[in-house]
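Structure record follows, encoded as structure tokens.
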Amino acid sequence: MKRESQFYPPAFEERLKEERIVLAHGAGGAKMHRLIERIFLKYFGNPILQRLEDSAVVPRSPGELCFTTDAYVVEPLFFPGGDIGKLAVCGTVNDLVVVGAEPIYLSVSFILREGLPIFTLAKICASIAKVSKKVGVKVVTGDTKVIEGTGKEEMYINISGVGWRDPMVQLGVELIKPGDVILINGGLGEHEAAIALSRGSYQLKASLRSDCTPLNRMIRAVLKLGGVKMMRDPTRGGLATTLNEFARAVRLGFIVKEEWLPVSRQVKGVADLLGLDPLYMANEGKVVLIVAPNRAEAVLRVMRRFPEGRKARIIGEVVKKPAEVWLKTRLGSLRRLLMLEGEQLPRIC
Ligand code: MG
């Protein structure tokens, strides 16, 4: 089946707009099968999925199997820079690539609120198909459930992903040593700031977009260079939480310099207004890398060749003691950065 990225012709789209999800779409009968054919197979169709068996049967690849899963409940469903479908694919793909895997297959499960326009589901599926194609992953299995309507147009998505890793790839916190440098590929907090603004309850005008993007191409290029010891995507909890996870795992200190941190004027504006700290704000297209000092410049050069790495920079270094996370302020003092306590904003991913 040919993978298409556009919608059906306009007349069909009009019909989709009027139709809404009903409980029967999740009941396993004829209505559900029509939904599978009209929407899921149209957007995700490939020979593995099209068999519609109880499990996807996929060929084995050499290497180590990497497997991850995430649920997405973001509100609103569409926001500047993305939507719940793009976010779900990027989040799952990025969790695979930061451990050095090549993403290959996805499962996509929807929990749909009764009353959701089928056109909305179609738009989200088109978005999932578009970003999957860009990454080179296939949706090979999935599920749909429908829950009773409340008048709100809602959906939740769970995506699991598998990828294969070359056994030669060496990554892990145990490789980190004092003197290693901390890198990031761009500005902090853009996803959370964009979600906050798109909720619309603030009288704010800013041209903020979520950074939501797949990082597979850039990371694949960087891994060829050697010297990268550990990577993680600083999603919920932001940079400060990711560094605390590293510090907890290796008993080393991680110091970031305030003046080196990339925070755009718009993110800073939103953060100040809402009482948020960009160091703790969620990102969806960022990666924190711990790199041997003699490889850092080469890694930065390669990252900057990609749009998602154009603003890559060194933000700090690893020290022996104290084995915690610190911010070196512009005044030269050290401020301890703890792990995020509680939540900044609910339903950001
Ligand atoms: Mg992650």
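The values are calculated or read from the model by the stated rules, or taken from the named source; none is laboratory data. Keep in mind that this is a model prediction, so the values were computed, not measured. Neighbour counts run over all protein chains shown; Cβ positions are idealised from the backbone, glycine included. Please note that ligands, DNA and RNA were not included when accessible areas were found on the heavy atoms of the full protein model with its side chains. Shrake-Rupley method; radii C 1.70, N 1.55, O 1.52, S 1.80 Å.
Things to note:
- Enumeration of residues in segment 251-280 that are in contact with a strand residue (DSSP E or B) (Cβ under 9 Å, 6 or more places away or on another chain) and either part of a helix (DSSP H, G or I) or modelled with pLDDT under 95 (or both): Glu258, Glu259, Trp260, Leu279
- Considering residues of segment 81-97 that are open to solvent by 10 Å² or more (accessible area, probe 1.4 Å) and of a type outside the set (Gly, Ala, Ser) only, the residue farthest from the ligand (Cβ to nearest atom): Asp83
- In segment 274-328, residue nearest to Ala247 (Cα to Cα) [restricted to those that are of a type in the set (Gly, Ala, Ser) and buried (at least 17 other Cβ atoms within 10 Å of the Cβ)]: Gly316
- Test: Glu317 is part of a strand (DSSP E or B), closer than 16 Å to Val228 by Cα and not hydroxyl-bearing (Ser, Thr, Tyr): yes
- For segment 214-250, the set of residues classified as hydroxyl-bearing (Ser, Thr, Tyr) and part of a helix (DSSP H, G or I) consists of Thr241, Thr242, listed by residue number.
- Verdict on Thr235 being polar (S, T, N, Q) and in contact with a Gly (Cβ under 9 Å, 6 or more places away or on another chain): yes
- Residue list for segment 57-76, restricted to those being surrounded by 19 or more Cβ atoms within 10 Å (Cβ to Cβ) and assigned to a loop (DSSP other than H, G, I, E, B): Val74
- Residue within segment 292-302 that is touching a residue at least 40 places away in the same chain (Cβ under 8 Å), under 18 Å from Asp233 (Cα atoms) and assigned to a loop (DSSP other than H, G, I, E, B) present: no
- Meets criteria (modelled with pLDDT of 95 or more, more than 16 Å from the ligand (Cβ to nearest atom) and closer than 24 Å to Ala221 by Cα) for Ile104: yes
- Looking across segment 15-48, the residues that are among the small types (Gly, Ala, Ser) and more than 18 Å from Val140 (Cβ to Cβ) come down to Ala24, Gly26, Ala27, Gly28, Gly29, Ala30.
- Which listed residue is open to solvent by 20 Å² or more (accessible area, probe 1.4 Å), touching a helix residue (DSSP H, G or I) at 6+ places or on another chain (Cβ under 6 Å), modelled with pLDDT of 95 or more and basic (Lys, Arg), from Lys130, Lys145, Lys134, Lys138: Lys145
- The residue that is nearest to Cys212 (Cα to Cα), among those in segment 335-349 that are modelled with pLDDT under 95 and open to solvent by 60 Å² or more (accessible area, probe 1.4 Å), is Arg347.
- Among the residues of segment 172-180, not a single one is open to solvent by 10 Å² or more (accessible area, probe 1.4 Å) and within 27 Å of Phe110 (Cα to Cα).
- Residue within segment 61-71 that is free of Cβ contacts under 8 Å to residues at least 60 places away in the same chain and over 17 Å from Glu308 (Cβ atoms) present: no
- Under the condition of being in a loop (DSSP other than H, G, I, E, B) and within 18 Å of Val73 (Cα to Cα), the residues counted in segment 175-199 number 1.
- Remark: pairs (first residue in segment 323-349, in contact (Cβ under 8 Å) with a residue 40 or more places away in the chain; second residue of a type in the set (S, T, N, Q) and part of a loop (DSSP other than H, G, I, E, B); Cβ separation under 8 Å; 6+ apart in sequence or on different chains) = Cys349/Thr235.
- Against the conditions (1) over 30 Å from Arg34 (Cβ atoms); (2) within 16 Å of the ligand (Cβ to nearest atom); (3) of a type in the set (A, V, I, L, M), Val169 satisfies every one except (2).
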